[in-house]
Amino acid sequence: MIYLKSPAELARMREAGRIVAAILAELRQRVKPGITTAELDKIAEELMRRYRATSSAKGYRGPDRNMPPYPGSICTSVNEELVHGVPGPRRLEEGDIVSLDVAVVYKGWHADAAITVPVGKVSPKVLDLLDATEKALYVGIEHMRPGNRTGDVSAAIQRHVESRGYNVSREYTSHGIGRQMHEEPQIPNYGQPGRGPLLRPGMTVALEPMVSMGHWETRVLPDQWTVVMADGQFAAHFEHTVAVTPDGPVILTLP
């Protein structure tokens, strides 16, 4: 079931979205060679307490109840790690990239966004990957208009990414969000126009293109959470929580 939010409910999600944006802005400034992913997680957790929000990720088990609860407050995915990277003692080095995925619940409503940040100076090819992925997010957002279908969004993201010479994730998708961290609909990063559920005002989606420099196949590390590219190539991840409104898409996770 797809839950449509009222204008008042969207305003509450916007409050959560502002908190996510503020945390990501602070984390971006803190990413430097030498910092650990655990330190970034601690910074995010302290900010959540300051804003009286809680992590949507910490303790999350997902649909598979046999998985261990997620241990971090945010996801920190480095280099070939696509998503769900677990914060720990890994120290970031010059030339790395790190995806920072922040989701909070505030007054009963979730918001979710992600950025991929270069650590110091990175190669021009890696910068191009980041640029292509971030632009794919905004291409997808532009298609989140009433009357379009989810397949229109998927196809637009895929076209843009492949035109830049990269591959979209085919195993992990965007998702609805609201009272729950994961709601319907799911929106893949690839697809055909005119397919899938109709976009209607009040729909809210955490839209998140995930893009690899190499092949799209992945594997999961023994921690049962961290998803890495099977070929070891770098990957990037950008995300916003977006509402479909009569006037077009509205990004809820902006400052």
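The values are calculated or read from the model by the stated rules, or taken from the named source; none is laboratory data. Just so it is clear, the model here is predicted, and its values are computed rather than measured. Note that we place each Cβ from the backbone using ideal geometry, even for glycine, and neighbour counts take in every protein chain shown. All accessible areas refer to the heavy atoms of the entire protein, side chains included, with ligands and DNA or RNA removed. Shrake-Rupley method; radii C 1.70, N 1.55, O 1.52, S 1.80 Å.
Probe of 1.4 angstrom, ligands and nucleic acids ignored: what's the accessible area per residue over the range 4-74, in square angstrom? Walk me through the intermediate numbers first.
Working: 3780 Å² over 71 residues.
Averaged over the residues of the range 4-74, the accessible area is 53 Å².
With semi-axes √(5λ) of the Cα gyration tensor in Å as the read-out, I listed [x] 38, 17, 17; [y] 34, 19, 16; [z] 26, 22, 16; which label goes with the value calculated from this structure? Computed from these coordinates, semi-axes √(5λ) of the Cα gyration tensor in Å corresponds to label [z]. Of the trypsin sites (Lys or Arg not before Pro) found in the range 83-148, those in coil by DSSP whose Cβ has at most 11 other Cβ atoms within 10 Å are K107, K121.
Determine, from the Cβ-Cβ distance of E217 and E184 and an R0 of 30 Å, the FRET efficiency 1/(1 + (r/R0)^6), rounded to the nearest 0.05. Rounded to the nearest 0.05, the efficiency is 0.70. Put simply, when 148-155, 72-79 are sorted by average Cβ atoms within 10 angstrom per residue, most first, you get 72-79, 148-155. Here the translational diffusion coefficient of the range 107-209 follows from Stokes-Einstein with Rh set to the Kirkwood radius across Cα pairs; for 10 °C and 1.306 mPa s it amounts to 111 µm²/s. Here the accessible area of the range 1-105 is 50 percent carbon and sulfur, with a 1.4 angstrom probe and all protein chains present. Restriction of the GluC sites (Glu not before Pro) in the range 114-197 to DSSP coil positions whose beta-carbon has at most 12 other beta-carbons within 10 angstrom yields no sites. The sum of -39500 (n - 2.57) across all DSSP H runs of n ≥ 4, divided by the residue count of the chain, sets its helix-only mean residue ellipticity at 222 nm to -9500 deg cm²/dmol.
For K125 and L254, a Förster radius of 45 Å and the Cβ-Cβ distance give a FRET efficiency of 0.95, rounded to the nearest 0.05.
State which helices in the chain qualify, where a helix is a whole DSSP H run, it must extend 24 Å or more along its own axis by its Cα atoms, and its mean Kyte-Doolittle hydropathy must be at least -0.5.
Values: long enough: 7-30 (34 Å, -0.05); 124-142 (27 Å, 0.31).
Flagged H segments are 7-30, 124-142.
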